[in-house]
Structure formats: C-alpha cells, structure tokens
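See structure below.
Every number here is computed from the coordinates shown, using simple stated rules; none is lab data. All of these numbers come straight from a predicted model, not from anything done at the bench. Cβ coordinates were reconstructed from backbone atoms using ideal geometry, including for glycine residues, and neighbour counts include every protein chain displayed.
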Amino acid sequence: MKQIVILGGGYAGLLCALTVRKFVYDNEAVVTLINRSSSHQLITELHRLAAGNLPEQAVALSLTKLLKGKRVQLVTEEVTGIDAEQREVRTSGGDYSYDYLVVAMGSQTAYYGIPGLEKHSLPLKSIHEANRINRHIQESLSRYNQSRRPADATIVVGGGGLSGIEMVGEIADMLPKWCGEHGIQREDIKLYGIEASPSILPGFPAELAARAQSSLERRGAKFIVGVPIAAYDYPVVLLKNGQSIATHTLIWTGGIQGNPIVADSAIDTLRGRAVVNDYLQSTSHHNIFVAGDSAICYQDNGQPLPPSAQLAWQMGEAAGYNLFAMMNGMPLQPFKPVIYGKLASLGRKDAVAALGRHDRPLKGLPASLMKEASKAKYLTHIRGLQAYLH
Ligand SMILES: Cc1cc2nc3c(=O)[nH]c(=O)nc-3n(C[C@H](O)[C@H](O)[C@H](O)COP(=O)(O)OP(=O)(O)OC[C@H]3O[C@@H](n4cnc5c(N)ncnc54)[C@H](O)[C@@H]3O)c2cc1C
C-alpha cells in the first residue's frame, strides 16, 4: 500500500486531496492530509472577518466535514520539517513516511526587515490574525473614547495590493457603525492606505486602480502612494519621505514570502518557493508535487504566476491528477493555468475587476456580485455549503 501525504489543507491541499481520491482506489494508497488546524480557511474572505463583517464559521470550514466520506485521513499537526531523502515528514505529533508527497503549505507574511514591523504590526494571513485585528481595532476605539489620543483613532493599512485594498474597503464601510457603538465622531477617525508602488492595486489596469482609490476616498480613506514604510517606531509609522503617522493599529498586508519549511528542505527552491516543472513536480524530487503559493510556476511569457486562490485550486487538482498518473505509469498532464482575471472588493457594495487575459474592466455592483458568485462557485465545488450547514 502506497502512502500519499499532502501538507496543507488550504485551497491547493484540499483540492489535491479531493482529486487524488477521485482517481486512486482505497487498496492502492492511504491518503493523509496534514494541516496545522482543523479548518479549511477561506483566506480570500479574511478582510471581512477582520472587520467583523462575517462570522468565523463562514470563513473557517471544518476539514472533517469537507473530507467526510472521501477516505482521507486528517492529521491536525504542525509540520516542522521535510526530509526529502528519507521520504519523511516531521510534525509536532511525530513523523510520517511517504511514497508521494504534495506540498501545499501556502506562503507567509514578509516584513522585508523593516524595523519594528514584525514586532508591532498586525498581519492578515489566518483566521487567528483576522480575529486579532478585529479585537485590536475595537479596543483602540473604545480606549479613544477616554484617551482622545489620535494614535487610538488612527488605522493604517500598509500595502495597497489586493488584500490591503479589500481591508481598507471593509473598514471604511464599518466605521460609521463602530463610531456609533463607541460614541466617537466619524471625523475623529483617520484611515490610511500606504503603498510603495506608484499606484494602489499593482497589476490592475490604471483606470480601475484610480476608480478604486476614488471610491475609497469618498468613504474617508486617505492614500499615500509611491512611498514605502521605513520603520514602525511604535506607535509611529515612519515613511521614506520623512512623513510620520502616529497609530496603535498598523495592519500589514505588504508582501508574502515562501513557507520556511519548504525553504529549509532539500527541495529545489527560489526565494523560498519550490521550483516545479510543467507537471508541478519538484525539479529536484519527482515524487514530490508542489501546488499553490508554495510553488513558483512560470507562465508562457516567462513571468511567475501570481499567488492566488484561483491558481492554487487549479494547481491542487492538476497535482492530484498527475500524482495518480505517475503511480500508474501513465503520461502526466502539463499544468495549463486558466486566468479568469483579478477582482478586488471595495467594501460591501463596490468592487473592481479586470476579467480574462485581456483585463476586460467591470466596476460597481456587477463586480461585487461577481465576487460573491466566485465564492459560491468555489463552495459548490468543494461542497462547502454542506460544511456551513451541518
Ligand atoms: C487577505 C487576503 C485576501 C486575498 N484575496 C484573494 C482574492 O480575492 N483572490 C485570490 O485569488 N487570491 C487572494 N488571496 C491570495 C490567496 O489567498 C492565496 O494565494 C491562496 O490562499 C494560496 O492557497 P494555498 O493553498 O497555496 O495556501 P493557503 O490557502 O495559505 O493554505 C495553506 C495551508 O497550509 C497550512 N500550513 C502552513 N504551514 C503549515 C505547517 N507548518 N504545518 C501545518 N500546516 C501548515 C495552513 O494552515 C493552510 O491551511 C488573498 C490573500 C490574503 C492574505
């Protein structure tokens, strides 16, 4: 009996496990999925949890329920190492041997060595971190009622990419409600978005980035673009241009880097992400497939694919099929990504999208509805609605 071990129960890991079990019979292999928590986190919805706009149950789906009847053994442990030569995975609960391994452990927040950032800022990469942001904002606003210190009433989001802009949008929507609850005037609260690139939403067409910025500015957000954060000398955010902002709340969404377990393994890596061939196999170890943010995968134009949930889903399924093909001596299928486009929500009622390879623009309610539709499509695909309801 072969041992298939999948590391990570996010988009890539879950879809890989479900795909493997579509093809591989019970008497051929034991499939084990190892994840640090018992839930499948909808990371693309974390900004809404952080703003208190969604309950935790809507963002953390039970892996046990999602894998029910799929003959996948779930292990809830922290992976601490991969020994690619011995074909073993080290975890907080013991070692697991494998014949085939799928690495799908995502990425982690990058702080780029900016002084004070890792220690004092609030990252947004997990349910735990989203809940922490929500608690932190509520405590600061409640404190402001007594202290009247501007740093308690100032919220800064560092990073104007997709996740940062979506976070600003949710906060902008929630501020009137929070002000009412904490007895604060809306004018007292400052909300900043800071982006080092010349524009927010890098990668989006300029017209849509400008549209997103003006929509958020109309709801009271202020943007500082083209200026990197130099340090967080708590509680003061120092910018490269000499400007400073006093705040107890710096939400950091400014970058990601490879998972350290992958970076520290013997697998071929580039800047902490595993290098894979056209079939999503590690270039150094062909019995290891890598999917999602953990892998660096190139497009036909030579550029790496952006880390995204839609690609992690596709890569997970492609790796799952190729693993089955490899086990059975069948030809492997090259991974052909389908790019549906980019979509950034700007709070509950507005969004911008650039669809398809040609970036066809979509704005406002139709784009917001498309965001909801893509979430519903995903949940239907993984039968996540059942996990919500039971
Ligand atoms: C706030 C935010 C908003 C985003 N919005 C979008 C969006 O709108 N559209 C889009 O396409 N993309 C979006 N992204 C990017 C997208 O979420 C990622 O690209 C995607 O989650 C990658 O999927 P993955 O399966 O590779 O990793 P993940 O979804 O991160 O899953 C990795 C899994 O591995 C587990 N894990 C990691 N390390 C260990 C360990 N040592 N031991 C055990 N388990 C471990 C984690 O707990 C997790 O369950 C967003 C990201 C963020 C942070």
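Can you list, largest first and rounded to whole Å, the semi-axes you get for the chain by taking the square root of 5 times each eigenvalue of its Cα gyration tensor?
With the √(5λ) rule applied to the chain, the semi-axes are 38, 21, 21 Å.
Distant-in-sequence amide contacts of Ala231, defined by a placed amide H-H separation under 5 Å and a gap of 5 or more residues or a different chain, comprise Leu238.
Within the shell of other residues whose beta carbon sits under 15 angstrom from the beta carbon of Ala353, the net charge comes to +4, with Lys and Arg scored +1 and Asp and Glu -1.
Share of antiparallel DSSP beta bridges in the chain, in percent to the nearest 5? Here the antiparallel bridges make up roughly 50 percent for the chain.
A Förster distance of 30 Å, applied to the separation of the beta-carbon atoms of Gln138 and Gln243, puts the FRET efficiency at 0.65. Sites listed here are GluC sites (Glu not before Pro) in segment 18-122 whose DSSP assignment is loop and whose Cβ has at most 11 other Cβ atoms within 10 Å: Glu85.
Remark: spin-label model distance Glu118-Tyr25 equals 5.0 nm, labels positioned 7 Å along the Cα→Cβ axis. For the chain, averaging the sequence separation of C-alpha pairs within contact (under 8 Å, six or more residues apart) and dividing by the residue count gives a relative contact order of 19 percent.
For the chain, the longest principal axis of the C-alpha atoms and the axis of helix 127-147 are separated by about 10°.
Could you list, in their original order, any pairs among Lys22/Lys336; Lys190/Lys349; Lys65/Lys336 whose Cα atoms are separated by more than 25 Å? The partial results should precede the final answer.
On the way: Lys22/Lys336 20 Å; Lys190/Lys349 21 Å; Lys65/Lys336 30 Å.
Over 25 Å apart, Cα to Cα: Lys65/Lys336.
Scanning residues 5 or more positions from Ala29 or on other chains, those with amide H under 5 Å from its amide H are Lys2, with H placed 1.01 Å from N in the peptide plane.
Ignoring aspartates and glutamates fewer than eight residues from Lys342 along the same chain, the ones with Cα atoms less than 12 angstrom from its Cα are Asp359. As a proxy for reagent exposure, ranking His285, His47, His128 by other Cβ atoms within 10 Å from fewest up yields His128, His285, His47.
Farthest towards the positive end of the charge dipole of the chain, among the residues Leu49, Thr80, Gly203, is the Cα of Leu49, using unit charges on the Cβ of Lys, Arg, Asp and Glu.
Could you give the length gained on full extension between Gln303 and His381, defined as 0.36 nm per residue of separation minus the Cα-Cα distance, in nm?
Values: separation 78, 0.36 × 78 = 28.08 nm, distance 2.89 nm.
Using 0.36 nm per residue and subtracting the Cα-Cα distance, I get 25.2 nm.
Would you mind calculating the gained length between Ala373 and Ser197 on full extension (0.36 nm times residue separation, minus the Cα-Cα distance), in nm to one decimal? Walk me through the numbers before you get to the answer.
On the way: separation 176, 0.36 × 176 = 63.36 nm, distance 3.02 nm.
Stretched out fully, the Ala373 to Ser197 stretch lengthens by 60.3 nm.
Hey, how many Å between the Cα centroid of segment 90-143 and the Cα centroid of segment 150-199? Spelled out, the Cα-based centre of one part sits 21 Å from the other.
Within a 10 angstrom radius of the beta carbon, how do Cys297, Cys179, Cys16 rank from fewest other beta carbons to most? Intermediate results must be reported in sequence, preceding the final value.
On the way: Cys297 21, Cys179 17, Cys16 35.
Arranged by neighbour count, lowest to highest, Cys297, Cys179, Cys16 become Cys179, Cys297, Cys16.
If you line up the long axis of helix 162-182 against the longest principal axis of the chain, both from Cα atoms, how many degrees apart are they, to the nearest 10? Approximately 50 degrees, to the nearest ten.
Report relative contact order for segment 117-254 in percent, whole number only (criteria: Cα-Cα under 8 Å, sequence separation at least 6).
Details: 241 pairs, mean separation 48.1, N = 138.
Reported as a whole number, the value is 35 percent.
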